[in-house]
Amino acid sequence: MEKPRILVSRKLPAAVEAALARDFDVTPNAEDVPLDRAAFRAALMEYDGLLVTVTDALGAEVFAGLAPRCRILANYGVGFSHIDTGAAQGAGIVVTNTPDVLSDCTADLAMTLLMMAARRAGEGERELRAGRWSGWRPTHMIGTKVTGKTLGIIGFGRIGQAMARRAHFGFGMRVLVQNRSVVAAEVLAETGAVQVDSVETLLPECDFVSLHCPGGAENRHLIGEARLAMMKPSAILVNTARGEVVDEAALAAALKGGVIAGAGLDVFEKEPEIHPALLECDNAVLLPHLGSATRETREGMGMRAVENLRQFFAGEAPQDRIV
Ligand code: 8YV
């Protein structure tokens with residue numbers, strides 16, 4: 001039997017490309033340049049499956065009017081707001097993602113951003129590298145203590161829960177969570193968290209707020225001018241979820257105007273473009289979407305995507321099917 005034809009949209013870790021090649025007729029992306037809309041439309045007609053990433057804009061227009069050969073989009077990543085899953089489903093295409101394997105590393109990075117913003121690590125490194133450090137002094141670059149403070153977590157899925165464990169058991173933090181559904185009592189007990197009824201209840205209580213909800217239209221600009229104003233002037237906002245969850249223009253204005261004290265961002269509204277006003281904020285720590293960027297996790301994500309493809313083409317239900 002012929003192997004299914006799979007197009008891989010970006011260069012993947014070598015171990016993942018080797019695993020894919022065992023079971024599939026793979027077309028890799030050796031140049032590692034993102035495909036455009038026309039290339040995706042052509043690929044949908046030529047391949048049995050596509051392995052895609054967050055840099056692939058797969059909106060409804062990509063699927064419009066096609067009767068594709070492609071039957072599965074295996075997304076390399078847990079977030080899938082770059083895919084119009086309804087349009088994919090309408091074209092007869094199954095969509096899968098890669099949960100679990102990236103929860104620890106993404107939560108580690110959220111904690112990294114929280115610590116960097118609290119302790120002004122980005123500012124300090126910039127000062128030192130620029131040759132501007134004049135030496136130790138009692139009042140130099142004073143940050144804020146993390147241990148024992150209150151952390152608010154918006155979105156309490158696997159990554160939010162991993163963040164809560166780190167904050168509560170590692171840093172003795174009080175953890176409040178807001179989630180669209182009721183979180184089971186045993187999950188709250190195991191993560192040291194307390195659920196509150198709304199974002200509005202959570203924000204004024206917290207010294208740090210970390211976003212772990214999905215992106216997409218439903219959460220677009222969940223944090224904007226009005227909700228930033230509900231936070232403490234000393235508070236720090238962390239976003240490792242999706243850029244669109246935060247109104248970047250409003251955030252930059254809040255950081256400049258002292259409405260909140262700092263921010264740590266790993267995701268942006270128009271990646272890889274960064275809002276120019278954010279670049280002017282010394283109290284913002286900005287990272288280039290590194291949440292899952294460890295060797296272990298990137299390989300784990302790849303193996304999980306390969307497993308979804310294998311299951312699908314073996315006629316089984318892929319374990320991480322979204323639609
Ligand atoms: C991935 C992410 O690297 O999994 C996600 O949702 O944001 C990242 O960790 C990215 O999505 C790769 O496609």
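The values are calculated or read from the model by the stated rules, or taken from the named source; none is laboratory data. Source: prediction; values computed, not measured. Ideal geometry is used to build each Cβ from the backbone, glycine not excepted, and the neighbour counts take in all protein chains shown. Heavy atoms of the whole protein, side chains included, go into the accessibility calculation; ligands, DNA and RNA do not. Shrake-Rupley method; radii C 1.70, N 1.55, O 1.52, S 1.80 Å.
What is the gain in length, in nm to one decimal, between Glu271 and Arg180 on full extension, counting 0.36 nm per residue of separation less the C-alpha to C-alpha distance? Present the calculation step by step, with values, prior to reporting the outcome.
Details: separation 91, 0.36 × 91 = 32.76 nm, distance 2.67 nm.
Taking 0.36 nm per residue and subtracting the Cα distance, the gain is 30.1 nm.
Just subtract the alpha-carbon distance of Val33 and Val199 from 0.36 nm times their residue separation and send over the number in nm, one decimal. Don't skip to the end; give the middle numbers.
Values: separation 166, 0.36 × 166 = 59.76 nm, distance 3.87 nm.
Length gained, Val33 through Val199: 55.9 nm.
Which of the listed residues, Gly135, Leu228, Leu286, is farthest toward the dipole's positive end in the stretch 103-286, when Lys, Arg count +1 and Asp, Glu count -1 at the beta-carbon?
Gly135
Hey, with R₀ at 41 Å, roughly what FRET efficiency would Gln319 and Lys256 work out to, going by the Cβ-Cβ distance, to 0.05? Numbers along the way, then the final one.
Details: r = 46 Å, r/R0 = 1.11.
Calculated value: 0.35.
After finding the eigenvalues of the alpha carbon gyration tensor for the stretch 34-130, what semi-axes result from the square roots of 5 times each, listed largest first in whole Å?
On the way: eigenvalues 287, 47, 21 Å².
Equivalent ellipsoid of the stretch 34-130: 38, 15, 10 Å, largest first.
For the stretch 103-286, give me the percentage of DSSP beta bridges that are antiparallel, rounded to the nearest 5 percent. Numbers along the way, then the final one.
Values: 1 of 25 bridges.
The antiparallel fraction comes to roughly 5 percent.
Report the extension gain between Asp282 and Ala21 in nm, rounded to one decimal, defined as 0.36 nm multiplied by the number of residues separating them, less their alpha carbon distance.
On the way: separation 261, 0.36 × 261 = 93.96 nm, distance 4.58 nm.
Residue separation times 0.36 nm, minus the Cα-Cα distance, leaves 89.4 nm.
Across the chain, what fraction of all alpha-carbon pairs, as a whole percent, falls in each successive 10 Å bin from zero upward?
Each 10 Å bin holds this share of Cα pairs: 6, 25, 30, 22, 13, 3, 0, 0.
Where does the Debye-calculated log10 I(q)/I(0) of the stretch 255-323 sit at q = 0.29 Å⁻¹, using only Cα point scatterers of equal weight, no solvent?
Summing over Cα pairs of the stretch 255-323 leads to -1.19.
Can you pull a Stokes-Einstein diffusion coefficient for the stretch 170-223 at 10 °C (1.306 mPa s), Rh from Kirkwood over Cα pairs, as a whole number of µm²/s? It would help to have the intermediate numbers written out before the result.
On the way: Rh = 12.4 Å.
It comes out at roughly 128 µm²/s.
At 222 nm, what helix-only mean residue ellipticity would the chain give, in deg cm²/dmol to the nearest 500, using -39500 (n - 2.57) for each DSSP H run of four or more? Can you show the working numbers first?
Working: 13 runs with 112 residues, N = 323.
Calculated at 222 nm, the ellipticity per residue is -9500 deg cm²/dmol.
Viscosity 0.692 mPa s, temperature 37 °C: what is the translational diffusion coefficient of the stretch 70-175 from Stokes-Einstein with a Kirkwood Rh over Cα pairs, rounded to a whole number of µm²/s? Please report the intermediate quantities before stating the final value.
On the way: Rh = 17.1 Å.
Diffusion coefficient, whole number: 193 µm²/s.
Per the 1.4 Å probe, what fraction of the accessible area of the chain, in percent, lies on carbon and sulfur atoms?
54
Do you know the relative contact order of the stretch 63-214, to the nearest whole percent, from alpha carbon pairs under 8 angstrom that are 6+ apart?
Values: 209 pairs, mean separation 32.1, N = 152.
The normalised contact order for the stretch 63-214 reaches 21 percent.
Mean separation of Cα pairs under 8 Å and 6+ residues apart, divided by the residue count of the chain: what relative contact order is that in percent? Let's see the in-between values first.
Working: 634 pairs, mean separation 56.8, N = 323.
The normalised contact order for the chain reaches 18 percent.
In vacuum, with every alpha carbon of the stretch 1-44 counted as one equal point scatterer, what does the Debye formula give for log10 I(q)/I(0) at q = 0.18, 0.26 Å⁻¹? Two decimals, please.
Results for the stretch 1-44 at q = 0.18, 0.26 Å⁻¹ read -0.56, -0.97.
Along the Cα→Cβ direction, 7 angstrom out, place labels at Asp100 and Ala14. What is the inter-label distance in nm?
2.8
In the stretch 1-23, which residues have a backbone nitrogen under 15 Å from the label point lying 7 Å from Arg69's Cα in the Cα-to-Cβ direction?
So the set is 2-8.
If I take all pairs of Cα atoms in the stretch 103-286, what percentage of them are more than 25 Å from each other?
Taking all Cα-Cα pairs of the stretch 103-286, the fraction more than 25 Å apart is 30 percent.
Taking the Cα centroid of the stretch 1-63 and of the stretch 251-288, what is the distance between the two, rounded to the nearest whole Å?
33
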